[in-house]
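Engineer: Pasting a structure here, questions to come.
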Amino acid sequence: MLDVLIAGGGYVGLSLAVSLKKAAPHLDVMVIDGAPEGAWKKDQRASAVASAAERMLDVLGVWDEIAPEAEPIRRMVITDSKAADPVRPVFLTFDGDGGEGRPFAHMVPNTAMVGALRGACSALGVVNRQSTMVESFKSGDHAVAVTLAGGEELEARLLVACDGVRSKLRDAAGIKTVEFDYGQSGIVTTVEHERPHEGTAEEHFLPAGPFATLPLKNNRSSLVWTERTEDAERLVKGDDFLFEEELERRFGHKLGHLKVVGGRRAFPLGLTLARDFVKPRFALAGDAAHGIHPISGQGLNLGFKDVAALAETIVEADRLGLDIGSLAVLERYQSWRRFDTFRMGVTTDVLNRLFSNDITPVRIARDFGLGLVDRLPSLKSFFIRQAAGIAGETDPRLLSGQPI
């Protein structure tokens, strides 16, 4: 019988497996992933990894492998304007670090992160099965019986669902969600530009939604471009020339000529919050527990916080001889993560509603607020610490760079 069966082979599922095996090598951990073998190598996206998550990946022994591909974000610039405005006034800048001289975040290609975590799983003896998925499961007093696609049956003390925001396992467990569709989609692509970005990330608040440029290696930037869903679909499916023309209107010419070097895709944006994170012998982590708007760039880091809290909960319970799949043990993880997730979900929801409009009184009020933050060092420092995910005394140890 397995100790922990993890459904989902993305960064959340893999980092949970590595965290468990690093801290408790005797645990029998398996990852099940429905994606075909090698599919992860085709992911052209990049993600913002906060300073606290970097510390965690360092403890897990994978950051040294990721670091050569990571581009530090040393400065964040926030503007508020219309796409056609000739001048975009800067209302807020963040220059700071995440402690110990670290940048408050890095941009990391998803392939580099997943590849390093897959390698760590292999080195630690985690079985990582591709091209299959959990079809159904039934929780019992001492184990959860899992049936895979194709009919194979497995038993585990705990099943963890890391199968994304549209989690089928969450639905199968009977866990309800709070959901809201923003009517927006996020266009994701990569551009190459003539001039160096110097580690600067920019977020332009436009009437249709935020347009974020995030620095990558070799004079490239990752874009997260929010548009109304119908406009996003038109842009993604439309002519290359039209796409680049609309892109330049939003990006500007400060970095010279732009060239789209990655595929372009649009992802629907909404708010999804699970009402419960756990059931007997079952837990949610990552996007299966929460899907938020990318306006704050914290989606991935919320997932890593889940991993750090769940791994610490499981390992400490195991050391005390407790049943790691019992509801009494898993409730600690839920209480640790649910409030923080709800707070971040509400925060991103409010920010998106506040900034994704062109109502003049609202624009005046929000620009005044941004300017006020820019002039108050203590408040500015607080937001930098939030962006860096700097751990407090009650946060999981991995986020402070301490082993479990």
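Engineer: Is it true that Gly150 is within 24 Å of the chain's Cα centre (by Cα) and either modelled with pLDDT of 95 or more or small (Gly, Ala, Ser) (or both)? Break it down stepwise before answering.
Structural biologist: Values: within 24 Å of the chain's Cα centre (by Cα): no; either modelled with pLDDT of 95 or more or small (Gly, Ala, Ser) (or both): yes.
Answer is no for this residue.
Engineer: For region 126-153, how many residues meet the condition of being in contact with a Pro (Cβ under 8 Å, 6 or more places away or on another chain), assigned to a loop (DSSP other than H, G, I, E, B) and of a type in the set (Gly, Ala, Ser)? It would help to see each step written out before you state the result.
Structural biologist: Of region 126-153, the ones in contact with a Pro (Cβ under 8 Å, 6 or more places away or on another chain) are 130-131, 139.
Then keep just the ones that are assigned to a loop (DSSP other than H, G, I, E, B); that gives 130-131.
Keeping just the survivors that are of a type in the set (Gly, Ala, Ser) gives 131.
Qualifying residue count for the region: 1.
Each row is one residue, and each column tells you yes or no for (1) modelled with pLDDT of 90 or more; (2) surrounded by 23 or more Cβ atoms within 10 Å (Cβ to Cβ); (3) under 17 Å from the mean Cα position of the chain (by Cα).
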{"residue": "Leu258", "(1), (2), (3)": "yes, no, no"}
{"residue": "Gly263", "(1), (2), (3)": "no, no, no"}
{"residue": "Lys279", "(1), (2), (3)": "yes, no, no"}
{"residue": "Ala288", "(1), (2), (3)": "yes, yes, yes"}
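Engineer: Select from region 42-69 the residues that are under 23 Å from Val260 (Cα atoms), surrounded by fewer than 20 Cβ atoms within 10 Å (Cβ to Cβ) and touching a helix residue (DSSP H, G or I) at 6+ places or on another chain (Cβ under 7 Å) and list them in ascending order.
Structural biologist: Asp43, Arg45, Glu69
Engineer: Please go through region 265-276 and give me each residue that is closer than 26 Å to Asn110 by Cβ and either surrounded by fewer than 18 Cβ atoms within 10 Å (Cβ to Cβ) or not hydroxyl-bearing (Ser, Thr, Tyr) (or both), ordered by number. Steps first, please.
Structural biologist: Within region 265-276, the subset closer than 26 Å to Asn110 by Cβ is 265-274.
Answer for region 265-276, where residues must be closer than 26 Å to Asn110 by Cβ and either surrounded by fewer than 18 Cβ atoms within 10 Å (Cβ to Cβ) or not hydroxyl-bearing (Ser, Thr, Tyr) (or both): Arg265, Ala266, Phe267, Pro268, Leu269, Gly270, Leu271, Leu273, Ala274.
Engineer: Which numbered condition in (1) under 26 Å from Gly13 (Cα atoms); (2) surrounded by fewer than 20 Cβ atoms within 10 Å (Cβ to Cβ) is the only one that Gly183 fails?
Structural biologist: All conditions are met except number (1).
Engineer: While we're here: Out of (1) under 22 Å from Ala23 (Cα atoms); (2) in contact with an Asp or Glu (Cβ under 9 Å, 6 or more places away or on another chain), what's the single condition that is false for Ala328?
Structural biologist: Tallying (1) under 22 Å from Ala23 (Cα atoms); (2) in contact with an Asp or Glu (Cβ under 9 Å, 6 or more places away or on another chain), Ala328 fails exactly one: (2).
Engineer: Of the residues Phe383, Phe342, Phe304, Phe368, which is within 28 Å of Ser47 (Cα to Cα), among the hydrophobic types (A, V, I, L, M, F, W, C) and modelled with pLDDT under 75? Explain how you work it out, then say what you get.
Structural biologist: Details: Phe342 fails: modelled with pLDDT under 75; Phe304 fails: modelled with pLDDT under 75; Phe368 fails: within 28 Å of Ser47 (Cα to Cα).
Criteria check complete, one pass: Phe383.
Engineer: Okay, next question. Which ones in region 260-298 are closer than 30 Å to Ala317 by Cα, part of a strand (DSSP E or B) and aromatic (Phe, Trp, Tyr)?
Structural biologist: Across region 260-298, the qualifying residue is only Phe282.
Engineer: Cβ contacts < 7 Å: first residue surrounded by 21 or more Cβ atoms within 10 Å (Cβ to Cβ), restricted to region 146-168; second residue in a loop (DSSP other than H, G, I, E, B) and β-branched (Val, Ile, Thr), any location; separation 6+ or different chain. Result?
Structural biologist: Partner pairs satisfying both residue conditions: Arg157/Ile324; Leu158/Ile324.
Engineer: Give the number of residues within region 308-356 that are assigned to a loop (DSSP other than H, G, I, E, B) and either of a type in the set (A, V, I, L, M) or touching a residue at least 12 places away in the same chain (Cβ under 8 Å) (or both). Walk me through how you get there before you give the answer.
Structural biologist: Of all residues in region 308-356, those assigned to a loop (DSSP other than H, G, I, E, B) come to 320-326, 356.
Those still in the list that are either of a type in the set (A, V, I, L, M) or touching a residue at least 12 places away in the same chain (Cβ under 8 Å) (or both) too: 320, 322-326, 356.
The number of residues fulfilling the criteria is 7.
Engineer: Tell me which residues, restricted to region 215-243, are free of Cβ contacts under 8 Å to residues at least 40 places away in the same chain, surrounded by 15 or more Cβ atoms within 10 Å (Cβ to Cβ) and either aromatic (Phe, Trp, Tyr) or in a helix (DSSP H, G or I) (or both). Break it down stepwise before answering.
Structural biologist: Applying the first criterion (free of Cβ contacts under 8 Å to residues at least 40 places away in the same chain) to region 215-243 yields 218-219, 221, 223, 225, 230-231, 234, 237-243.
Restricting the remaining residues to those that are surrounded by 15 or more Cβ atoms within 10 Å (Cβ to Cβ) gives 219, 221, 223, 225, 231, 234, 243.
Once the filter is applied, which keeps residues that are free of Cβ contacts under 8 Å to residues at least 40 places away in the same chain, surrounded by 15 or more Cβ atoms within 10 Å (Cβ to Cβ) and either aromatic (Phe, Trp, Tyr) or in a helix (DSSP H, G or I) (or both), region 215-243 yields Trp225, Asp231, Arg234, Phe243.
Engineer: Which of the residues spanning region 314-354 are under 21 Å from the mean Cα position of the chain (by Cα), surrounded by 17 or more Cβ atoms within 10 Å (Cβ to Cβ) and among the hydrophobic types (A, V, I, L, M, F, W, C)?
Structural biologist: At the first step, the residues of region 314-354 found to be under 21 Å from the mean Cα position of the chain (by Cα) are 333-353.
From the residues that got through so far, the ones that are surrounded by 17 or more Cβ atoms within 10 Å (Cβ to Cβ) too are 333-334, 336-338, 341, 344-345, 348-349, 352.
Hits for region 314-354 are Trp336, Met344.
Engineer: Further question: Return the residues of region 112-141 that are within 27 Å of Leu327 (Cβ to Cβ), loosely packed, with under 15 Cβ neighbours inside 10 Å and in contact (Cβ under 8 Å) with a residue 60 or more places away in the chain; say none if nothing qualifies.
Structural biologist: Val127, Gly140
Engineer: Hey, can you tell me all the residues within region 245-259 that are within 20 Å of Ala46 (Cβ to Cβ) and outside any loop (DSSP other than H, G, I, E, B)? Break it down into steps so the answer makes sense when it comes.
Structural biologist: Keep residues of region 245-259 that are within 20 Å of Ala46 (Cβ to Cβ), which gives 247, 250-251, 255, 258-259.
Leu247, Arg250, Phe251, Leu258, Lys259 - these are the residues of region 245-259 that are within 20 Å of Ala46 (Cβ to Cβ) and outside any loop (DSSP other than H, G, I, E, B).
Engineer: Which one is farthest from Asn219 (Cα to Cα) among residues in region 229-263 that are of a type in the set (A, V, I, L, M) and in contact with a strand residue (DSSP E or B) (Cβ under 6 Å, 6 or more places away or on another chain)?
Structural biologist: From region 229-263, those of a type in the set (A, V, I, L, M) are 232, 235-236, 242, 247, 255, 258, 260-261; that's our starting set.
Filter again for in contact with a strand residue (DSSP E or B) (Cβ under 6 Å, 6 or more places away or on another chain), leaving 232, 236, 255, 258, 260-261.
Details: Ala232: 25, Val236: 23, Leu255: 9, Leu258: 10, Val260: 12, Val261: 11 Å.
Result: Ala232.
Engineer: Identify all residues within region 21-31 that are out of contact with any Asp or Glu (no Cβ under 8 Å at 6 or more places or on another chain) and surrounded by 24 or more Cβ atoms within 10 Å (Cβ to Cβ); write none if there are none.
Structural biologist: Val31
The values are calculated or read from the model by the stated rules, or taken from the named source; none is laboratory data. Every value quoted in this text rests on a predicted model; they were computed, and no experiment measured them. Please note: Cβ atoms are built from the backbone with ideal geometry, for glycine as well, and neighbour counts cover all protein chains shown.
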